[in-house]
Each structure stands twice: as structure tokens, then as C-alpha cells.
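The values are calculated or read from the model by the stated rules, or taken from the named source; none is laboratory data. It should be emphasised that the depicted structure is a prediction, and the values quoted were computed from it without experimental measurement. Here the Cβ positions follow ideal geometry from the backbone for every residue, glycine too, while neighbour counts run over all protein chains shown. Areas reflect the complete protein model, heavy atoms only, side chains present, ligands, DNA and RNA absent. Shrake-Rupley method; radii C 1.70, N 1.55, O 1.52, S 1.80 Å.
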Amino acid sequence: MNTTIYRSMWGLLLVLCLTGCKKFLEEKSQDEVRPGSVAELQQLLMGEAYTAGTYSSFHAFLDLMTDDMVSNFNPDKAAEHSYKMYEGPYTWNRGLFEMMEAADVSEDIDTYARYYSCIKGCNVVLEMIDGVKGDESERENVRGQALALRGFYYFMLTNLFAQPYNTPGIDRSKALGVELILNSVVKDEFPKRSTLQAAWDQVESDLTKALPIVEKYGTTNTKFRVTPAFMHTLLSRFYLYQEKWDLAAKHASLGLALNPSLVKLSNIAFPPWYEQPAAGVYSYTSAEVIWLGYASYMEYYYIGENRAYGAVPFCVSPDLRSKYEYTPSNKNNRGDLRMRYYFGWNMADYDWTIFVPLAGWKAPKGYQGPVKGMRVAELYLNRAEANIMQYLKNGDEQLRVSALRDLNTLRESRYDTRNTAYQPVDKTGDELLQFCRDERRRELCFEDHRWFDLRRYGMPEIRHVFQGSVNQAPAEHVLTKGDKHYVLPIPRNALLKNPALEQNP
């Protein structure tokens with residue numbers, strides 16, 4: 001027998017009542033409680049589908065699986081906690097979620113459940129939206145937001161727990177996708193995983209339905225909500241992953257027409273090593289923020305805090321650091337300021353002479369809002385890559401020039417131009433493509449892009465050396481080219497709750 005989601009949501013809605021939302025709900029019966037207006041559904045969406053304003057994270061471990069981070073051994077006992085917390089993802093262990101749970105990484109271990117919880121909130125809103133009172137424009141605005149968010153969450157789930165869309169030789173009509181739960185009705189049978197094609201089709205369906213609605217009714221939404229710029233950024237990313245270059249470039253252009261702004265880093269006072277800058281690309285006032293989406297400064301907090309002085313257990317990789325043309329000793333022209341402004345730094349010795357970038361941090365001093373979401377910089381990079389791929393195929397020089405213009409526009413805003421003019425780059429062929437990929441890495445590191453980019457670049461080999469204690473010998477772990485571990489395992493808790501789920505190999 002079917003039961004509605006209202007019974008399972010009783011606790012949530014009761015809490016909302018008790019926290020001061022007068023008349024938020026209309027009681028229908030002892031078992032069924034439901035919002036009665038569009039405004040109340042918007043509140044429900046903000047609490048259950050949006051995650052800004054919370055310290056929770058979807059996957060505060062993903063960068064540890066990439067080539068952007070390395071582990072360094074520190075024999076001090078104080079460092080062991082960090083090793084235990086992050087050994088699983090850093091070594092691509094198939095039990096990574098359970099290892100993090102055992103190490104009490106409470107905010108990082110329920111990636112799968114968090115996404116489906118947000119999807120559940122979207123489904124509830126979409127089912128109720130036509131049955132509540134309210135202004136029609138407000139109703140459509142909420143509908144558009146719910147569709148867009150559901151599309152975003154399924155996009156993320158599919159790129160975490162299924163094979164890349166462009167895997168060589170893949171049959172997307174047979175390859176496993178994710179559970180597609182599109183309503184709030186609880187059925188007797190457990191849902192199975194869809195095909196990969198069905199998952200991507202569902203994302204596209206939600207986003208293309210949401211687009212005209214948001215463009216018409218969501219123009220006054222804040223940066224904490226879905227906006228027209230959010231839609232074009234996500235669609236540009238969606239089609240980039242599918243290698244539909246013309247559509248990726250189209251939506252990037254439409255997004256840039258709404259907001260082409262970039263923060264000029266050289267206008268921000270250069271901070272001392274122990275402080276964050278006074279402004280950043282992620283903040284409430286940043287001109288280039290499109291969506292203040294999720295995550296917080298706590299993402300990699302324990303990498304730098306729970307340790308002894310000496311070698312930092314985990315930090316930004318030398319490979320990534322080498323990609324920046326940064327000279328801190330040249331006070332007249334430090335070069336690429338991102339190396340200082342985009343990372344949280346800490347000392348690695350008692351004398352405060354060795355400073356190490358621990359992880360990404362693109363927010364200003366004192367900021368405690370979301371540090372991941374969407375920025376204008378991505379639109380420039382998406383359009384540049386899409387145009388380069390088309391140029392490499394058809395030799396159209398105008399596409400090459402357009403891509404270089406986008407890359408140089410972005411880079412000029414990131415370099416120290418107080419005393420020295422930025423020098424534009426000019427590249428051709430495959431060298432231009434590699435430069436664009438490196439620029440994307442420099443700009444978007446630690447914003448949940450690198451892992452997905454590596455997947456769509458053909459899943460290259462990555463090597464990590466790890467030693468977690470004095471009793472453990474250092475060992476090299478290798479993620480081989482095309483490795484099946486480029487797809488995350490479904491957490492054991494999810495498999496226990498749904499016996500119909502098929503685990504990834």
C-alpha cells in the first residue's frame with residue numbers, strides 16, 4: 001500500500017512550526033500536514049532543497065582524490081587524526097565512506113543521502129505547487145527553482161556515481177545511471193538504478209523545463225536562489241560534459257550577456273600570510289558570483305588544524321602550485337595573484353618561515369557563507385573550451401581568437417596589474433587546448449570541478465604516496481588511466497536501505 005511523503009515529513013514540518021513560522025502549515029489530519037501557500041512552499045524549498053546557510057557539505061573530500069593535493073608524512077601523534085580522516089578518499093579505497101565514518105568525519109560521509117534528501121524536497125514542492133494558494137508569478141518562480149535544483153542534484157549524482165558520459169565505447173542505454181526518484185510516493189518495491197542515458201535525459205528535461213520559467217519569473221531572485229544566470233551556467237556545464245560544444249558555447253554566451261563581471265584581484269590589498277584578503281571572488285558582495293550554493297570554510301578545516309608543527313598531512317600539490325606564475329618577493333609585480341588569494345595558508349615550522357597552501361579558500365576574511373556554487377569565471381572558461389574544440393575540428397580562426405579573448409579577459413583580472421600591464425597569451429592547436437585546461441584548473445580548483453574534469457579528459461593516471469603512521473611504510477597508490485575507481489562506490493548505508501541498488505565495480 002502506498003503512503004505519501006507527508007507522514008515521513010511530520011517531524012520536519014512540526015519543527016518549522018515550533019521555530020516561529022506562524023500559519024506555515026495547515027493541519028489536515030493527525031497524519032498529514034502540508035503547506036497551504038506558495039510562500040510556504042518557497043520556505044520549504046529554502047530549508048530542504050537549498051543548502052546555503054548550513055555547515056554541511058556534499059563531498060568535502062573530492063579534491064583529495066585528484067592531482068591537486070598531496071600527502072606529507074608527519075610522525076607526530078597529533079597528525080594521525082588527519083590521516084585517518086582522509087586516507088580513504090586519498091587512496092581511492094572502495095570503502096572510503098565507511099573509513100571516513102569510522103574516523104568520525106561526520107560532515108563528509110553521506111554524499112549520496114544528502115543529494116537525495118535535497119531531491120526529495122524538490123519533489124514535494126513540485127507535487128504541491130498547483131494545489132496551494134498564491135500569486136501565479138510566485139508559483140511559477142518556485143516551480144522553476146525546484147525543477148532546476150532537481151536537475152542540478154541529479155547532474156552531480158550522475159557524475160559521481162556513474163561512468164563519464166564520454167567514456168570510450170560506452171553503451172549509455174545499458175550502463176548504470178542512478179536512482180531516478182521523481183515523486184514523493186513511497187512504493188512497496190525498491191527503486192533500481194536507471195540507465196546512464198535515462199539519467200542524463202532526466203537532467204536535461206528538468207533544466208530545459210526550468211529555463212523559460214526562471215527566465216520569466218526568476219529575474220529578481222537573489223544569489224542564494226536559482227536565477228537565469230544559474231540556468232545558463234549549469235546548461236553550459238551540462239553540454240560541455242556531453243561534448244555538445246555549440247550548445248555549451250551558446251549558453252555560456254547567454255550567461256555572460258547577463259553578467260560579464262570579474263573581480264580584479266590587483267584592486268584588493270595584498271594580505272599578510274596569516275590572513276585572508278579583505279575581498280574575494282566568493283562573497284556576498286562579489287560581482288562575479290552567480291550562485292552562493294553550498295559548503296563552507298569548514299570543508300578542509302582539519303587538514304591544517306588537527307596537526308603538529310612540521311610537515312602538513314595534506315596540502316596543495318606541487319604540480320598545481322607550479323601552474324601559477326607567482327613571485328611573492330617582487331612587490332611591484334607579483335604575477336598571478338591567485339596563488340595567494342585562492343588558498344588558505346599556514347606555517348609548517350615553529351619559526352614561521354615555511355608557509356604552505358593547505359587547500360582552496362576563495363572567500364574574504366571573516367566570511368562564513370557558501371564557498372562553492374557558480375561564478376562568471378566558469379562561463380568564460382566553458383565558452384573558451386567549447387570554441388577551442390570546434391576550432392580544432394574545423395580550423396575556424398575566429399573561434400581560436402574568441403577563445404583567446406575569453407582566456408585573456410579572465411587572466412587579466414587575476415594578475416598583478418598595479419604597475420605592469422598584463423601580457424596576453426597567443427597559442428594555437430593542441431597547445432591552446434592544454435593551456436585552456438590548465439587555466440581552468442588554476443581558476444576553478446577546490447570548487448568541485450577538477451574531479452569531474454579529469455573524468456571527462458579521459459580519466460588519466462594519478463599517483464598518490466601515503467603513510468599514515470610511523471608503523472606504516474609509505475606506499476604508492478595508483479589510479480590507472482580509465483580506472484573503474486573514477487566512479488565512486490555507493491555507500492554501504494544506501495545499499496542496506498535499498499537492496500535493489502547495484503553496486504559499482
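Explain nothing, just compute: Karplus ³J(HN,Hα) = 6.51 cos²θ - 1.76 cosθ + 1.60, θ = phi - 60°, for every residue of region 386-394 in order, whole Hz, x for Gly and Pro.
Result, rounded to whole Hz: 4, 5, 5, 5, 5, 4, 5, 7, 10.
When the dipole is taken about the Cα centre of region 340-470, and only Lys, Arg (+1) and Asp, Glu (-1) are charged at their Cβ, what size is it in debye, to the nearest 20?
300
Given the whole protein assembly as supplied and a 1.4 Å probe, what does the accessible area of Asp396 come to in Å², nearest 10?
About 60 Å², rounded to the nearest 10.
For region 92-131 and region 271-294, compute the distance between their C-alpha centroids and round to whole Å.
Taking the Cα centre of region 271-294 as reference, the centre of region 92-131 is 27 Å away.
Roughly speaking, what is the stretch gain from Glu412 to Ser329, that is 0.36 nm per residue apart minus the C-alpha to C-alpha distance, in nm to one decimal?
Numbers: separation 83, 0.36 × 83 = 29.88 nm, distance 2.03 nm.
Between Glu412 and Ser329, full extension yields 27.8 nm more.
Once amide H atoms are built 1.01 Å from N in the peptide plane, which residues 5 or more positions from Ser71, or in another chain, come under 5 Å H to H?
Residues meeting the criterion, in which the H sits 1.01 Å from N, are Val465.
Projecting each Cα onto the charge dipole of the chain (Lys/Arg +1, Asp/Glu -1 at the beta carbon, about the Cα centre), which of Gly468, Met339, Leu392 comes out farthest on the positive side?
Looking along the dipole axis, the top candidate is Leu392.
With all protein chains present and a 1.4 Å probe, how do Lys331, Lys250, Lys223 order by accessible area, largest first?
Lys331, Lys250, Lys223
May I ask for the equivalent-ellipsoid semi-axes of region 110-243, computed as the square root of five times each C-alpha gyration tensor eigenvalue and listed largest first in whole Å?
The answer is 26, 19, 11 Å, longest axis first.
So for the chain, what are the equivalent ellipsoid semi-axes in whole Å, largest first, each being the square root of 5 times an eigenvalue of the Cα gyration tensor?
36, 28, 24
Using the Cα centre of the chain as origin and beta-carbon charges of +1 (Lys, Arg) and -1 (Asp, Glu), tell me which of Phe97, Ala39, Thr227 is placed farthest towards the positive end of the dipole.
The residue sitting most towards the positive pole is Thr227.
Could you pull out every residue, at least 5 positions away or on a different chain, whose amide H is within less than 5 Å of the one on Phe343? Hs are placed 1.01 Å off N in the peptide plane, and Pro or chain starts have none.
Close amide H contacts, sequence-distant or interchain: Trp361.
Roughly what would the spin-label model give for Asp426 and Glu461, points 7 Å off Cα along C-beta, in nm?
About 3.8 nm separates the two model spin labels.
Quick one: Debye curve from the C-alpha atoms of region 66-186, no solvent, what's log10 I(q)/I(0) at q = 0.11 Å⁻¹?
So the normalised log intensities work out to -0.59.
Determine ³J(HN,Hα), in whole Hz, for all residues of region 112-119 in sequence, where each value follows from phi through the Karplus function 6.51 cos²θ - 1.76 cosθ + 1.60 and θ = phi - 60°; x replaces Gly and Pro.
Working through the residues one at a time gives 4, 5, 5, 4, 6, 5, 5, 5 Hz.
Name the longest site-free stretch of the chain, where the excluded sites are GluC sites (Glu not before Pro) in a DSSP loop with no more than 16 other beta-carbon atoms within 10 Å.
After excluding every exposed loop site, the longest remaining stretch is 33-188.
Based solely on its DSSP helices, what 222 nm [θ] is calculated for the chain when runs of n ≥ 4 H residues each add -39,500 (n - 2.57) and the sum is averaged over all residues, nearest 500 deg cm²/dmol? Spell out each step's value before the answer.
On the way: 18 runs with 213 residues, N = 505.
That calculation yields -13000 deg cm²/dmol at 222 nm.
With Cβ to Cβ distances under 12 Å as the rule, what net charge do the other residues near Tyr217 carry (K, R +1; D, E -1)? Write down the numbers at each step before the final one.
Values: positive: Arg139, Arg143, Lys216, Arg225; negative: Asp135, Glu136, Glu138, Glu140, Glu215.
So the surrounding residues net to -1.
Can you spot the lysines whose alpha carbon is less than 26 Å from Lys362's alpha carbon? Ignore those fewer than 8 places along the same chain.
Lys223, Lys264, Lys323, Lys331, Lys372
Which whole-number percent is the relative contact order of the chain (Cα, under 8 Å, 6+ apart)?
About 19 percent, as a whole number.
Hey, what's the chain come to in accessible area per residue, 1.4 Å probe, Å²?
42
Within region 385-445, which trypsin sites (Lys or Arg not before Pro) sit in a loop by DSSP and count at most 16 neighbouring Cβ atoms inside 10 Å?
Arg418, Lys427
I'd like to know how region 379-475 sits against the 2.2 N^0.38 Å rule of thumb: what's its Cα Rg over that expected value?
It is 1.41.
On a 1.4 Å probe surface of the protein chains, which of His485, His449 comes out largest in accessible area, and what is the full order?
The most accessible residue leads, giving His485, His449.
For region 456-492, state which trypsin sites (Lys or Arg not before Pro) are in a DSSP loop and have at most 16 other beta carbons lying within 10 Å of their beta carbon.
Passing both the DSSP loop test and the Cβ count: Lys481.
Considering only protein heavy atoms and a 1.4 Å probe, what is the carbon-and-sulfur percentage of the accessible area of the chain?
51
Can you tell me the Rg and the Dmax, both Å, for the Cα atoms in region 162-209?
12.2, 37
Which one of Pro505, Ser266, Asn74 has its Cα pushed farthest toward the positive end of the charge dipole of the chain, where Lys and Arg give +1 and Asp and Glu give -1 at the Cβ?
It is Ser266, whose Cα lies furthest towards the positive end.
Pop the C-beta distance of Leu495 and Asp246 into the FRET formula with R0 = 30 Å and round what comes out to the nearest 0.05.
Details: r = 40 Å, r/R0 = 1.33.
That pair, Leu495 with Asp246, gives E of 0.15.
Quick one: which residues, 5 or more positions from Gly335 or on another chain, have an amide H under 5 Å from its amide H? H modelled 1.01 Å from N in the peptide plane, none for Pro or chain starts.
Here Thr327, Asp416 satisfy the definition.
Rounded to the nearest 10 degrees, what's the angle between the helix 136-161 long axis and the longest principal axis of the chain, both from Cα atoms, 0 to 90?
With both axes taken from Cα atoms, the answer is about 60 degrees.
How big is the dipole moment of region 398-451 about its Cα centre under a simple scheme where the beta carbon of each Lys and Arg is +1, that of each Asp and Glu is -1, and everything else is neutral? Debye, nearest 20, please.
Approximately 40 debye in magnitude.
Compute the orientation-averaged projected area for region 326-416 from the convex hull of its Cα atoms and round it to one decimal in nm².
8.3
Given a 1.4 Å probe and the protein chains all in place, what does the accessible area of Thr220 round to, in Å² to the nearest 10?
120
Determine the order of Asp110, Asp483 by accessible area, beginning with the largest, at a probe radius of 1.4 Å.
Asp110, Asp483
Rounded to whole Å, give me the distance from the Cα center of region 398-447 to that of region 465-492.
That distance is 33 Å.
Size of the dipole of the chain about the Cα centre, Lys and Arg at +1 and Asp and Glu at -1 on the beta carbon, nothing else charged, in debye to 20?
580
In percent, how large is the relative contact order of region 37-166, given Cα pairs closer than 8 Å and 6 or more residues apart?
Relative contact order, region 37-166: 35 percent.
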